[in-house]
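The structure appears below as structure tokens.
The values are calculated or read from the model by the stated rules, or taken from the named source; none is laboratory data. Since the model is a prediction, treat every value here as computed from it, not as a measurement. Cβ sites come from the backbone with ideal geometry, for glycine too, and all protein chains shown count toward neighbours. Accessible surface areas use protein heavy atoms only, side chains included; no ligands, DNA or RNA. Shrake-Rupley method; radii C 1.70, N 1.55, O 1.52, S 1.80 Å.
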Amino acid sequence: MMSTSGTLMIEFVLQGFSELPRLRLPLFRCFFSLYTVAASLQSPMYFFLCNLAAMDIVCTSSVLPKALVGLAFEENTISFPGCMAQLFFLTWSASSELLLLTAMAYDRYVAICRPLHYSWRMSPRLCQSLALGVWAVCALNGSLHAGLMTRLSFCGPNIIAHFFCEIPPLLLLSCSPTLVNSIMTVLADAFYGVLNFLLTLVSYGCIVASILRMRSAAGRRRAFSTCSSHLLVVSVYYSAVFCAYISPASSYSPERSKVSAVLYTMLSPTLNPIVYSLRNTEVKHALGRLVQALLCPEVRGLPP
């Protein structure tokens, strides 16, 4: 954390969206609307949805308040401890969401392919153990990455090409060897991203095969409707995560990373309760308020 003059670097500057000054206020309104909806619609019906909702709140709350301050007041500095705290909570919530989505895919597999075994395979005790394991393992993962980052030296410049503290842009700023950090990042990507994605694919492969074997068209529609919401959420989230993380730090693209980060830190947590509870009246009203906010005069006047 030492600068070239030998003094301690105590803060970073988040670049945010400073390269788009004309979009600063419209983006503030958009992000604030997404944060409000994501934080207020968390009334899930099922146990894993409750955990997913909690992690969505952790994810949005670790990123969006600071991004909103930067957009509203052009105050983009963040202390080094604050940056590490943001990195920990973001890593914790993002990795937890991937594991929870895999657990939910298994839940749908058992419900559709092994319905007679569902009560004991997905017992409350097992679900509680799975959730506790997810929170603990992912907290350890976040602590490991944040701890490894604090061991690095940062000699300047201190401008992070992002709107929050993320591993790839921080590694690019370090003047210390980052081999260990890069190896741990690749291992985490392989486990949380690739392995869980493959497990989810296997679950849905079995689900699709089971649905196709059903003779009744009504039965096939009913079975598909029980997993369609989860499949949509998985598709959106994994697309954003793969775009942001499944690539070496040397090929890091700030523009691409910002777009994908908006998807998994803002849009996905907002869409999750909407997708899972689309028939709920409260959700419909909140969605209407969000659309109204996004269609404000400033946004409608944006250049193409």
**Study point:** Selection within region 103-133 - surrounded by 17 or more Cβ atoms within 10 Å (Cβ to Cβ) and over 27 Å from the mean Cα position of the chain (by Cα)
**Key:** 112, 113
Review point. Within region 75-98, is even one residue surrounded by fewer than 13 Cβ atoms within 10 Å (Cβ to Cβ) and under 26 Å from residue 203 (Cβ atoms)?
Key: no
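A quick yes/no check of all residues on (1) out of contact with any Gly (no Cβ under 6 Å at 6 or more places or on another chain); (2) over 18 Å from residue 271 (Cα atoms); (3) in contact (Cβ under 8 Å) with a residue 60 or more places away in the chain:
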position	(1), (2), (3)
63	yes, no, yes
69	yes, yes, no
72	yes, yes, no
76	no, yes, yes
92	no, yes, no
97	yes, no, yes
100	yes, no, no
106	yes, yes, yes
Check your understanding: Among the residues of region 54-66, which ones are of a type outside the set (Ser, Thr, Tyr), open to solvent by 10 Å² or more (accessible area, probe 1.4 Å) and touching a Leu at 6+ places or on another chain (Cβ under 8 Å)?
Key -> 66
Check your understanding: Can you name the number of the only condition in (1) at pLDDT below 70; (2) surrounded by fewer than 17 Cβ atoms within 10 Å (Cβ to Cβ); (3) within 19 Å of the chain's Cα centre (by Cα) that residue 34 fails?
Key -> (2)
**Study point:** Matching entry among 134, 194, 110 (being at pLDDT below 90 and under 23 Å from residue 93 (Cβ atoms))
**Key:** 194
Practice item. Take region 46-105 and flag every residue that is in contact with a strand residue (DSSP E or B) (Cβ under 7 Å, 6 or more places away or on another chain) and aromatic (Phe, Trp, Tyr). Key: 80
Review point. Any idea which of (1) without any contact (Cβ under 8 Å) to a residue 60 or more places away in the chain; (2) open to solvent by less than 50 Å² (accessible area, probe 1.4 Å); (3) within 26 Å of residue 189 (Cβ to Cβ) is the one residue 228 doesn't satisfy?
Key: (3)
